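Data first, discussion second: the structure below is written as structure tokens.
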Ligand code: G3P
Ligand code: CA
């Protein structure tokens with residue numbers, strides 16, 4: 001069934017890693033700010049520690065986002081918890097983030113005393129489900145191949161434990177699913193759909209195809225929505241309409257500059273994933 005372009009008032013604002021332009025990414029501080037702003041959803045990356053705990057960490061290593069060093073999957077939770085989280089923008093922040101705020105060198109930043117220790121997924125779920133003023137969750141699985149299905153199984157177990165998933169069905173808040181799973185890996189998404197058929201999934205894609213190929217070839221969805229990079233939309237604005245006609249929602253990432261926000265809004269995307277949730281809320285007349 002074809003989907004209409006989303007009206008600006010109905011576009012979902014998704015705070016990427018929390019309000020990560022202002023607070024250390026993947027911390028309760030960053031997620032609290034999203035709730036305070038009234039963002040519709042928060043994005044969170046999950047990785048599995050050596051002892052099988054899902055933690056909210058973007059990079060393969062903890063070097064950029066903490067005072068420690070090492071690969072997440074090679075460390076136990078207790079080892080990760082020895083280090084403090086720090087506020088460092090990704091190296092590509094110069095591209096994604098505010099042009100006036102260049103990416104910082106790793107040694108330039110002091111630990112953020114308020115940020116605390118690494119956030120586990122369960123702690124985030126506990127916070128989100130216990131806090132009034134519902135914010136939906138967009139959870140991205142990182143490196144799912146490393147653990148061959150364990151990440152998805154652990155994720156769904158946690159969602160069930162916090163009442164966000166019952167059988168294969170997600171809890172609904174204001175008539176919309178309270179949680180969805182995103183991944184660049186079609187295999188990971190197929191596993192999720194097998195285990196929880198009604199849980200929405202977003203197939204993230206970053207590749208800009210040559211215009212002729214992208215026109216003739218539909219994106220083969222592994223999810224119920226497609227998450228194109230901003231670069232894909234810039235290169236091929238007609239993509240949104242084609243995906244909508246194929247019945248797929250469009251969740252674009254990561255949109256931080258006002259002119260790119262305007263582009264995404266004018267194309268009628270369904271969700272905009274941004275580090276700059278306050279600016280997007282303001283642009284949509286909601287802040
Ligand atoms: O929300 C999708 C986006 O987060 C994907 O890119 O590298 O920030 O996880 P990345
Ligand atoms: Ca992500």
> the range 4-54 to the range 124-198: how many Å between their Cα centroids?
Replying inline: 14 Å
> Can you pull the three principal axis extents for the Cα set of the range 244-287, in Å, largest first?
Replying inline: 31, 18, 15
>> Going by average Cβ density within 10 Å per residue, which order do the peptides 279-287, 223-231 take, highest to lowest?
In response: 223-231, 279-287
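Read the figures in this text as sums done on the coordinates, not as results from a lab. A quick note: this is a predicted structure, and the numbers were derived from the prediction, not measured. Methodologically, a virtual Cβ is constructed for each residue, glycine included, from the backbone with ideal geometry; neighbour enumeration extends over all protein chains shown.
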